[in-house]
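The values are calculated or read from the model by the stated rules, or taken from the named source; none is laboratory data. None of these values were measured; they are calculated from a predicted model. Every residue, glycine among them, receives a Cβ derived from its backbone with ideal geometry; neighbour counts consider all protein chains shown. The area values use the complete protein model at the heavy-atom level, side chains included, leaving out ligands, DNA and RNA. Shrake-Rupley method; radii C 1.70, N 1.55, O 1.52, S 1.80 Å.
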Amino acid sequence: MDKRNESSNTDLILLGLFPDMKHVNFLVCAILLIYTMALTSNSILILLIWVDSHLHTPMYFLLSQLALMDMTLISSIVPKMANDFFSGERNISRVACGTQIFFFLTVGIAECTLITLMSYDRYVAICNPLRYTLIMSQKVCLQMAAISWAGGALTSLAHTAYAMHFPICGSREIPHFLCEIMSMLKLACDDVSAYEKAVVVTSIVVLLIPLSLIMSSYALIFLAVLHMKSPEGRDKALATCFSHLTIVCLYYGPAMVVYMRPSSYHNPRLDQVLFVLDPILTPLLNPLIYSLRNKEVLGALRKVLT
């Protein structure tokens, strides 16, 4: 009995999804439906890219990695949130909390890196098509994927280890439905202002610098598209770029609002809304955005179904 009490005293408490909201069970059920649909659609997209030889190109390989990251990202959040809601248990150990932070940050940073590399792929394909196969070789694509995953894991490991070493005193309640680094820092006894600044600096490196590279790539792409003589080629290039730019907005918008605001401006309810939009809704929208506007993916799906 003493050990159980001691364990419960060291555990953290997740207050859950919008604790003051009425009929939150409908929202949880909707999120579970989104989760199921996201896993299904991303799995189908990965399968199509794997089985159809027409999709064995650098762009679709990178897209398959993005789908895999999306599945990992949403799976690091929704099952725990749903289990807490339906079981009524809110406790989470510090080890489990640190693990969730690590996986969430790893995939989040990896996706930002990968999306930047995907914009480079589109730049080479449109602005330097004759050398595309040489520049975007299979080896280069594998290196891009490895850099994204490894960069995310190493950066996440450093931040997770440092954030979790702060002692916690007083309230152990986290006003969130997941363990998230900025929410954890609010429970720390020590002065974390210097580390919060480090988080903002990391956010600039992870978000603003890649975003500026993406915008630079697309500025050059649009200049090249304007000089295209073929209307069909112009439309195809713009359709692909539009899909990628939509993904950029879905990822970078909420992430910048969450991690590039001073801690004094953080609002738990707004943060929860942003975390529902970004790591939960985006994994569902990604395969839909790329497949519904992509004749090659739709063609591969028809082949599998017939």
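Computed quantities for the displayed model
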item	result
Estimated 222 nm signal from helices in the chain, with DSSP H stretches of n ≥ 4 weighted -39500 (n - 2.57), rounded to 500	-24500 deg cm²/dmol
Unmatched cysteines, the chain - criterion: no other Cβ of a Cys under 4.7 angstrom	Cys29, Cys112, Cys127, Cys141, Cys241, Cys249
Calculated on alpha-carbon atoms, Rg and Dmax of the stretch 56-111 in Å	14.5, 47
Candidates His165, His244, His176: whichever shows maximal mean-square fluctuation once the chain is modelled as a Gaussian network with Cα springs under 10 Å	His165
For the stretch 101-246, accessible area per residue (1.4 Å probe, heavy atoms of protein chains only), Å²	49 Å²
Accessible carbon and sulfur surface of the stretch 85-158 relative to its total accessible area, %, 1.4 Å	68 percent
For the stretch 124-152 and the stretch 85-123, distance of Cα centres in Å	24 Å
Cα principal axis extents for the stretch 50-146, largest first, Å	59, 25, 19
Nearest-20 debye value, the stretch 29-177 charge dipole, Cβ charges on Lys, Arg, Asp, Glu	240 debye
Heavy-atom accessible area per residue - the stretch 45-99, 1.4 Å, Å²	43 Å²
Segment His165-Tyr120, length gained on full extension (0.36 nm per residue, minus Cα span)	12.4 nm
Among Val199, Val51, Val225, residue whose mean-square fluctuation peaks in a GNM of the chain (springs only between Cα atoms under 10 Å)	Val51
Pairwise centroid distance, computed over Cα atoms, of the stretch 56-83 with the stretch 165-189, Å	27 Å
Extended-chain gain in nm, criterion 0.36 nm per residue less alpha-carbon gap, Leu288 and Thr36	89.3 nm
Coordinate range along principal axes, alpha carbons of the chain, Å, largest first	73, 46, 34
Two-decimal Rg/Rh across the stretch 154-306, once Rg and the Kirkwood Rh are taken from alpha-carbon atoms	1.10
Gain in span if fully extended, Arg172 to Leu305, counting 0.36 nm per residue against the direct Cα distance	42.7 nm
